[in-house]
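S.K.: Please find one structure pasted underneath; my questions will follow.
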Amino acid sequence: MTGFLAAVTEAWGEIRVNRVRVVLSLVGVFLAVFAMTTITAVGNMGRQIIGESSERAGGRPATLRVDASPTTQSTPETTREAAEAFAAAAARHDVSWWGKTGFGQLTVRFPAGTQLVSATTVDPSYGPMHRMIVTEGHWFSAADDTAFSPRLVVNDGFLDQLGGFDAANPPTVVLGGDTPVTATVVGVSNPTGSDPTYPQAWVLNSAVERWNLADPTSSSPPSLEVWVPDADVDALTQALQSEVQSSLPGFSVYVSRADAGAELGIVDAVLSYGVRGVGVFALLLGGIGVLNVGLVTVRQRIREIGVRRSFGATGGRVFFAVLLESVAATFVAGFLAVMLSIILVSNFPLQSVLPAGLTLEDVPPFPVSAAVEGLLAATLVGALAGLVPATMAVRAKVIDAIRY
């Protein structure tokens, strides 16, 4: 341990003596490690943004979608049969997150006149499964599912025709034609990719069935969405296909994966390998600078090395001391680069620079793996760049070195 500490002290002393030259040689390593760790952290945020946008459209991984269409004309009775089969299948497999979803039109009596509005029929679980962002009010809850009047979540286009939203006094609107009912707006949401100026609404399946809100001629048959662990996807796909089909003999049943799990995996791989490729290339360039400085330093110290060898310094001690100078210098450069990257990424105002329509709900923490990789890469580059100068120092003959 004493020898190791002495070698470290000696290496650090040499770095201090040649600090200007060393600092200039480490600029490349510092920038390479900083770029690699920062791009990795930003890449994680980018993947999270892409993942959340995909989940809002197709559901969280892994979301399976079960479509059941009657072979004859769709009626309220066939819709009820499909809904019962879906609920039975979810209960049979003990699925915690599931819900029915469909599309249709609502007859809405706005103050300016009656209008058909596109509506998505959902269950309360749809919000967490699709990462619905509610800018005002709240998403559907269990209380809304059992309310004495329909509850709606609408977009800005719908809300503009009602004159705004007040959570303390939610606006109401009349739905339906021959049998109208007054509905209450409980939340406002504008999904990414949709036109906020075009009126759109979300309504609970229970409200549609209880008050007969949707027009059957313009409504699609309901679909089942289940959010399950990724490892259970293949087995559950086959089970749902056979079980729901046997429960609905007069229907055409199709089970598919709704989320973009495989596509996101490809994006992750491309980003990960691309970032690492750029970082390795930059580190190699920085390592060449460290190597050049190490070679110049050894040539200038060759007489000193010969004197030390003549007084009994072993070749291993000389080799380790020269090698450690390079390793210690690149480690310090890598450490400073990682610290700067952590400070910058952790305090970066991400939401203020994101384009309109993009949000990041769950901001990922700074990846520890990126910090560790940066430090290891800097240390490895220092070790590789120090091998050649250390080998030259050991191979120098004592007599020739003293005469140099």
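S.K.: Considering only protein heavy atoms, with the full assembly of protein chains and a 1.4 angstrom probe, order VAL388, VAL255 by accessible area, largest first.
M.R.: VAL388, VAL255
S.K.: When a/c reaches 1.5 or more, the comparison of a/b and b/c decides; with that in mind, is segment 24-118 rounded, prolate or oblate per its Cα gyration tensor? Don't jump to the answer; show the numbers that get you there.
M.R.: On the way: a/c = 5.00, a/b = 2.13, b/c = 2.34.
Since a/c reaches 1.5 but b/c is at least a/b, the shape of segment 24-118 is classed as oblate.
S.K.: Sort 103-109, 73-79 by packing, meaning the average of other beta carbons within 10 Å per residue, with the highest value first.
M.R.: Going from most to least packed, we get 103-109, 73-79.
S.K.: At 7 Å along the Cα-to-beta-carbon direction for both VAL27 and ASP145, put a label point, then send me their distance in nm to one decimal.
M.R.: 6.4
S.K.: Using DSSP to define loop residues, name the GluC sites (Glu not before Pro) in segment 169-247 whose beta-carbon has at most 10 other beta-carbon atoms within 10 Å.
M.R.: On the way: sites: GLU209, GLU225, GLU243; in loops: none.
Of the GluC sites (Glu not before Pro), not one in the loops of segment 169-247 has a Cβ with at most 10 other Cβ atoms within 10 Å.
S.K.: Moving to a separate point now. Mind listing which chymotrypsin sites (Phe, Trp or Tyr not before Pro) in segment 145-252 are in a DSSP loop and have 16 or fewer other Cβ atoms within 10 Å?
M.R.: PHE148
S.K.: Amide H of PHE110: which non-local residues (sequence gap of 5 or more, or other chain) have their own amide H closer than 5 Å, using H built in the peptide plane?
M.R.: For PHE110, whose amide H was placed from the backbone, the distant partners under 5 Å are GLN115.
S.K.: Can I ask one more? Taking 45 Å as R0, compute the FRET efficiency from the Cβ-Cβ separation of ALA112 and MET45 and round it to 0.05.
M.R.: E between ALA112 and MET45, to the nearest 0.05, is 0.60.
S.K.: Over the heavy atoms of ARG80, what accessible area does a 1.4 Å probe trace out, to the nearest 10 Å²?
M.R.: About 120 Å², ignoring ligands and nucleic acids.
S.K.: Calculated FRET efficiency, ASP160 and THR71, Cβ-Cβ r, R0 35 Å, to nearest 0.05? All intermediate terms of the calculation are to be shown ahead of the outcome.
M.R.: Values: r = 42 Å, r/R0 = 1.20.
For ASP160 and THR71, the calculated efficiency is 0.25.
S.K.: Spin-label point model (7 Å from Cα, Cβ direction): what's the LEU360 to ASP178 distance in nm?
M.R.: According to this spin-label approximation, the distance is 5.4 nm.
S.K.: Continuing with the same structure: What is the list of residues in segment 31-55 whose amide nitrogen lies under 18 Å from a point 7 angstrom out from the Cα of SER369, following Cα to Cβ?
M.R.: 36-52, by backbone N distance to the label point.
S.K.: At 0.36 nm per residue, minus the direct Cα-Cα distance, what do VAL270 and ILE343 gain on full extension? Give it in nm, one decimal, please.
M.R.: On the way: separation 73, 0.36 × 73 = 26.28 nm, distance 2.62 nm.
Working it through step by step, the gained length comes to 23.7 nm.
S.K.: Between ASN212 and TYR254, how high is the FRET efficiency from 1/(1 + (r/R0)^6) when r is the Cβ-Cβ distance and R₀ = 25 Å? Nearest 0.05. Don't jump to the answer; show the numbers that get you there.
M.R.: Working: r = 28 Å, r/R0 = 1.10.
It comes out at approximately 0.35.
S.K.: Leaving out ligands and nucleic acids, and using a 1.4 Å probe, what accessible area per residue does segment 151-192 come to in Å²?
M.R.: Per residue, segment 151-192 has 41 Å² of solvent-accessible surface.
S.K.: Another one. Could you work out how far the C-alpha centroid of segment 237-252 sits from that of segment 110-124, in angstrom?
M.R.: Cα centroid to Cα centroid, the span is 32 Å.
The values are calculated or read from the model by the stated rules, or taken from the named source; none is laboratory data. Note that the coordinates shown come from a computational prediction; the quantities given were computed from them, not determined experimentally. Glycine also receives a Cβ, built like all others from the backbone with ideal geometry; neighbour counts cover every protein chain displayed. The area values use the complete protein model at the heavy-atom level, side chains included, leaving out ligands, DNA and RNA. Shrake-Rupley method; radii C 1.70, N 1.55, O 1.52, S 1.80 Å.
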